[in-house]
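The values are calculated or read from the model by the stated rules, or taken from the named source; none is laboratory data. The model shown is predicted, which means the values in this text are computed figures rather than measured ones. We place every Cβ from the backbone using ideal geometry, glycine too, and count neighbours over all the protein chains shown. Surface areas here come from the heavy atoms of the whole protein model, side chains and all, with no ligands, DNA or RNA. Shrake-Rupley method; radii C 1.70, N 1.55, O 1.52, S 1.80 Å.
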Amino acid sequence: MEYKFNEIEKKWQDHWKASKAYKVSNDSDKPKYYVLDMFPYPSGSGLHVGHPLGYIASDIYSRYKRLKGFNVLHPMGFDSFGLPAEQYALETGQHPAETTKKNIATFKSQLDKIGFCYDWEREVQTSDPNYYKWTQWIFLQLYNSYFCNTQKKALPISLLVKKYETKGCNTFTAEEWNGYSKLQQEEILMNRRLAFSKFGEVNWCEALGTVLANDEVVNGVSERGGHPVEKKKMRQWYLRITAYADRLLEGLETVDFSESMKEMQRNWIGKSQGAEISFDIVNGELSMVNYEPSDNTAPFTIDHSPLTVYTTRPDTIFGVDFMVVAPELELVQQIKSAEQTAAVDEYIAYVKSRSDVDRMAEKKITGCFTGAYAVNPFDGKQIPIWISEYVLAGYGTGAIMAVPCGDERDFKFAQHFNIPITNIIGSYFDGTAANPTKEALLENSGFLNGVKMTEAAEIILQQLEEKGIGKRKVNYRMRDAGFSRQRYWGEPFPIIWNEGIAIPQDAATLPLELPHVDKYGPGPSGEGPLANITDWVQPGDLPPASGLPPASGLPPASAGGWKRETSTMPGYAGSSWYFLRYMDPNNANTFCDRKASDYWNQVDLYIGGTEHAVGHLLYSRLWTKVLYDLGLIGYDEPFKKLVNQGMITGKSFFFMLDNGGNKIISYSKENAANTTVRLKYGHQFVDNSGKLTKKNLEKQIADGLIELPRQEIVWEKEGDEEFVFVKEESEKMSKSKFNVDNPDELCDKYGADTFRMYEMFLGPVEASKPWDTKGIEGVHRFLRKLWRLFNDELKGKVWTDEKATDAELKIVHRTIKKIEEDTEKFSFNTAVSAFMICVNDLFDARCYKKEVLEKILILLVPYAPHIAEELWHQLGNEGSVLDAQYPVFNPALLVESTKEYPISINGKVRANLSLSLDLDQKQVEEIVLQNDVVIKWLEGKAPKKIIYVKNKMINVVV
RNA sequence: CCGGAUGUGGCGAAAUUGGCAGACGCACUAGACUUAGGAUCUAGCGGAGUAAUCCAUGUAGGUUCGACCCCUAUCAUCCGGACCA
């Protein structure tokens, strides 16, 4: 009987589906285990071989855990809201709901083909109204909460209102509060809500017609599509993630993520400790200046100290040679002197003309003196105040004190504008480059002379606080997360605007469904497509049908009283909590029953790519913390352990063009400046030395596998052979790069089991590696060999019921130990090797015994479920091999009484010696000294020392 | 420029974490059975040498009886953050 993998796999996949083999219950007395994959965005191009890498790993682990007696939750779903579907709709006119539905069907059939053990009854789709109903609901929880700075947690905003009504706060009394208009009160509350709306500078992308979050902007252009992004002032929704900065940092200590992943999140949060210091200003005409405080701080005003800078190095205050203020700050207008006004205005105009992209591309040193001076509070020195684009308005106070001897940028600026430099760090500063040391003993620093910098910081901080001109300050690089998009294909906000006041929709009327539209173009004045649907924006209904709370007392929209928010939520909204919905996917009464979330608890194992390090992972951690604070779930970190699968890169090949660009020549390093041309497909036809023969190329073109380049090829000749050299490069897989392999085809050709095992065999899950189908044959051979242990092509069944010998059991138990260890530590590539060794050994031993084979199948079922299930039944077993008893490793079988010890002399192995394991040091020494090889090497001299490491080796030191 | 990671055959990679480097697989070579084989089996496969043996884990040092593994310096590649004061 032959190994007909196609039939076998089809048979079992159908059977699993029909028998609901992977249905998971929330009610079980087994311990739980939750394995989660980062759910995919269902793009139009389907899965490529890179996608399933993580899915296969998680599938293996889930099946393994199930065999080990756990109730395993291993769900799958789709992150189905998002930009590409809408872009596609714009281009083709197809409704995103339609294309998304189609794409999901494709993805599901591809996934099923690989034989994953998902419980599809728990599938979630973020664009499904039954799902986004709860995304909207959680948004309302965020909207109705604030971050309490003393308890360091989210609390209902109603508590804050009560406090204001009865006690007031630092900035206003209860009487004042109660006297405020509704609008004033709402504005104050808006400044505290976790989901809030404000006018702010946003990353506006004209080409995409929407606002982007900071992590969606890379080097000044949009992450998706690479379109230019500009700053624009708009009313936007935000999540107050900055309030959680510290808890997001602390939480990292409690989870098992890779160090680099944690580091990336820490960098993104960018916590820095320093001080805000205020300087008096002279020579400008000013009284008191109100500047906008940095995010997330109470208004901070210091009388008669108008220039406040943020620094992490207060110890360098005597080295301040100039100040730099961000040109955008209002303060600049107030302090510029009459003589400098023209120059300052001209410079500001110049800065405005430069986009972020310009600034990133060419980093010029520019700036302008304002004519004003700040006064150093410690020595009275007058310090010129400059403006320059290198100081960012959005960070700290938007102003810095420049210490050229210690800061590279300040140094270059001082050099460029010939500002004299004060050296406060003595020999650490050589006049040619700044030195950011903290070790120097201060010089030229008044009362701090001779004090070590690390200690000086504390002294200065104390004096600043005493004098009331400064305070300690922690700053974060992270900004509040932009939460609205001027797009169609996302969750609508359950918010209704009335005269500048945001009114949350009555939760009982959710979901607020996305209305159907025919056009996806942007709405008026930067609004999204939803703004075009006037009868949705302002329906004539009265509450509650409109979703307005009954008590709002507002007139119907037809009277012009109110309108809906027209932007939609960003892609990360739905993905910030999906792991909770899997636990209780069909609950119509709540997002996830507390009983379900308590049972499944945290995700034990989360597998996905590194690309979500700062986006998705931070946002889902934030949402989890808020839900926890509000008592809706029982834990504040969603993912216990995170494994990042590496990216599988595709192999691309390039020809080189000659100088005219008309002819294709061999690739060579010497002409590296020449342009290259991509060989479209054909990576399997290039040999190891990078040679592509003419014969080969022509054959593949005839078979329709390669697209011929337009240019003429100049062949090189050697004997009869004509060929060109091509360059190989690993790149991210993408259709446009012609380097994609499709998992469906590989499953058809070799079978899903081979495909699964081969992806694992490729290398460690975490490592990035180039895709190469060449090795897949080897894995396929292994499975066929396994098959032949049960069935012979001619003889048919070969397995027997005979009892296994000790030698055979030894092979099995060695394998049990190895597979169990490797699976536990995610070393799937070595586990596959262990299977191969095991099957080879059994084959060599002609061991076809059921007793032995059965155990191997149980070990194998996580890796190659179809063949394992098939053979399991061929052995006459009932039920699924997944419900079998996991074989228990018996160490007694592997214990040996003697061992081959390598004997080395001065570390170099010279002989082997079989020794009994229960010998002691003395006995070993005696035996070793009688060994012929050792005697020869010793040449009659006594050895200095004999080192005997039990179970390992013996070393004779001469 | 800063941070993180990684450097082992022609290729993907192993190495019980300091103890015989290169398991397992691909590719390659020779042979067997075959009408044939892109099926299967056997043997070989880091480099030099007929051989004993010597040299090899990016490079240079160090610790150790013994180093792919630990320490120092240096180079290279990949990933992330980059005017954050």
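Mind counting the residues in the stretch A:754-808 that are more than 11 Å from RNA strand B (Cβ to nearest atom) and open to solvent by 50 Å² or more (accessible area, probe 1.4 Å)?
Number satisfying all stated conditions: 9.
Could you list all residues from the stretch A:903-914 that are within 30 Å of residue A:809 (Cβ to Cβ) and open to solvent by less than 40 Å² (accessible area, probe 1.4 Å)?
Within the stretch A:903-914, A:913 is the sole residue that qualifies.
Residue A:97: part of a helix (DSSP H, G or I), more than 30 Å from residue A:772 (Cα to Cα) and open to solvent by 10 Å² or more (accessible area, probe 1.4 Å), yes or no?
Yes, satisfied.
Would you check which residues across the stretch A:899-944 are part of a strand (DSSP E or B), of a type in the set (S, T, N, Q) and within 12 Å of RNA strand B (Cβ to nearest atom) and list them?
Of everything in the stretch A:899-944, those that are part of a strand (DSSP E or B), of a type in the set (S, T, N, Q) and within 12 Å of RNA strand B (Cβ to nearest atom) turn out to be A:904, A:912, A:914.
Rundown of residues vs (1) of a type in the set (Lys, Arg); (2) open to solvent by 90 Å² or more (accessible area, probe 1.4 Å); (3) farther than 29 Å from residue A:618 by Cβ, yes/no style:
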site: A:4; (1), (2), (3): yes, yes, yes
site: A:10; (1), (2), (3): yes, yes, yes
site: A:13; (1), (2), (3): no, no, yes
site: A:19; (1), (2), (3): no, no, yes
site: A:23; (1), (2), (3): yes, yes, yes
site: A:31; (1), (2), (3): no, no, yes
site: A:35; (1), (2), (3): no, no, no
site: A:39; (1), (2), (3): no, no, no
site: A:44; (1), (2), (3): no, no, no
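For the stretch A:423-456, give me each residue that is in a helix (DSSP H, G or I) and among the polar types (S, T, N, Q).
Within the stretch A:423-456, A:427, A:454 meet the criteria.
So, of the residues in the stretch A:124-158 that are part of a strand (DSSP E or B) and without any contact (Cβ under 8 Å) to a residue 60 or more places away in the chain, which turns out to be most open to solvent (accessible area, probe 1.4 Å)?
Selected residue: A:125.
State the number of residues belonging to the stretch A:1-38 that are in contact with a His (Cβ under 6 Å, 6 or more places away or on another chain) and aliphatic (A, V, I, L, M).
Residues flagged as in contact with a His (Cβ under 6 Å, 6 or more places away or on another chain) and aliphatic (A, V, I, L, M) within the stretch A:1-38 amount to 2.
Looking at A:649, A:566, which one is part of a loop (DSSP other than H, G, I, E, B) and at pLDDT below 95?
Result of the check over A:649, A:566: A:566.
Just checking, which of A:50, A:44, A:115 is at pLDDT below 95, at positive phi and not basic (Lys, Arg)?
Criteria check complete, one pass: A:115.
Mind checking which pairs have a first residue in the stretch A:413-438 that is on the phi > 0 side of the Ramachandran plot and a second that is of a type outside the set (Gly, Ala, Ser) and part of a loop (DSSP other than H, G, I, E, B), Cβ under 9 Å, 6 or more apart or different chains?
Short answer, once both residue conditions are applied: A:426/A:442; A:426/A:443; A:426/A:444; A:431/A:405; A:431/A:421; A:431/A:423.
Whether any residue in the stretch A:479-493 is among the aliphatic types (A, V, I, L, M) and part of a strand (DSSP E or B) is what I want to check.
yes
Would you say residue A:834 is within 8 Å of RNA strand B (Cβ to nearest atom) and part of a helix (DSSP H, G or I)?
yes
Give the residue, chosen from A:846, A:814, A:910, that is closer than 30 Å to residue A:931 by Cα and of a type in the set (Lys, Arg).
A:910
If I go through the stretch A:503-525 residue by residue, how many of them are of a type in the set (A, V, I, L, M) and surrounded by fewer than 19 Cβ atoms within 10 Å (Cβ to Cβ)?
4
Name, by its number, the condition in (1) touching a residue at least 12 places away in the same chain (Cβ under 8 Å); (2) open to solvent by 30 Å² or more (accessible area, probe 1.4 Å); (3) not charged (D, E, K, R) that does not hold for residue A:72.
So residue A:72 meets the others, but not (2).
Give the residues of the stretch A:772-806 that are hydrophobic (A, V, I, L, M, F, W, C) and within 37 Å of the chain's Cα centre (by Cα), sorted by residue number.
Answer for the stretch A:772-806, where residues must be hydrophobic (A, V, I, L, M, F, W, C) and within 37 Å of the chain's Cα centre (by Cα): A:776, A:779, A:782, A:783.
Being of a type in the set (A, V, I, L, M) and open to solvent by 30 Å² or more (accessible area, probe 1.4 Å) is true for just one of A:241, A:188. Which residue is that?
A:188
Which count do you get for residues in the stretch A:269-284 that are open to solvent by 80 Å² or more (accessible area, probe 1.4 Å) and touching a helix residue (DSSP H, G or I) at 6+ places or on another chain (Cβ under 9 Å)?
Adding up the residues that qualify gives 2.
Failed condition for residue A:917, given (1) among the hydrophobic types (A, V, I, L, M, F, W, C); (2) open to solvent by 40 Å² or more (accessible area, probe 1.4 Å); (3) without any contact (Cβ under 8 Å) to a residue 40 or more places away in the chain, with all others met?
(2)
Quickly run through the stretch A:807-838 and pick out the residues that are over 31 Å from the mean Cα position of the chain (by Cα) and over 19 Å from residue A:888 (Cα atoms).
Residues satisfying the conditions are A:836, A:837.
State which residue pairs qualify: first residue on the phi < 0 side of the Ramachandran plot and inside the stretch A:244-273, second residue exposed (fewer than 13 other Cβ atoms within 10 Å of the Cβ) and among the acidic types (Asp, Glu) in any location, beta carbons under 9 Å apart, and separation of 6 or more residues or different chains.
Partner pairs satisfying both residue conditions: A:262/A:253.
Quick one: residue A:536 ticks every box in (1) modelled with pLDDT of 65 or more; (2) in contact with a helix residue (DSSP H, G or I) (Cβ under 8 Å, 6 or more places away or on another chain); (3) assigned to a loop (DSSP other than H, G, I, E, B) except a single one, so which number is it?
So the condition that residue A:536 fails would be (3).
Hey, can you tell me all the residues within the stretch A:295-328 that are open to solvent by less than 20 Å² (accessible area, probe 1.4 Å) and at pLDDT below 85?
Result: A:305, A:306.
Quickly run through the stretch A:404-414 and pick out the residues that are near RNA strand B (Cβ under 7 Å from one of its atoms) and within 21 Å of residue A:332 (Cβ to Cβ).
A:409
Can you name the residue in the stretch A:337-357 that is modelled with pLDDT under 80 and open to solvent by 60 Å² or more (accessible area, probe 1.4 Å) and is also farthest from residue A:326 (Cα to Cα) among such residues?
Applying the filter and picking the extreme gives A:353.
Do we have residue A:884 as crowded, with 16+ Cβ neighbours inside 10 Å and closer than 30 Å to residue A:945 by Cβ here?
The answer is no for residue A:884.
Residue A:858: buried (at least 16 other Cβ atoms within 10 Å of the Cβ) and within 16 Å of RNA strand B (Cβ to nearest atom), yes or no?
no
Conditions first: (1) part of a strand (DSSP E or B); (2) buried (at least 20 other Cβ atoms within 10 Å of the Cβ). Residue A:199 passes all but one, so which condition is the exception?
(2)
Would you check which residues across the stretch A:371-403 are more than 16 Å from RNA strand B (Cβ to nearest atom) and touching a strand residue (DSSP E or B) at 6+ places or on another chain (Cβ under 6 Å) and list them?
Of everything in the stretch A:371-403, those that are more than 16 Å from RNA strand B (Cβ to nearest atom) and touching a strand residue (DSSP E or B) at 6+ places or on another chain (Cβ under 6 Å) turn out to be A:372, A:373, A:375, A:382, A:384.
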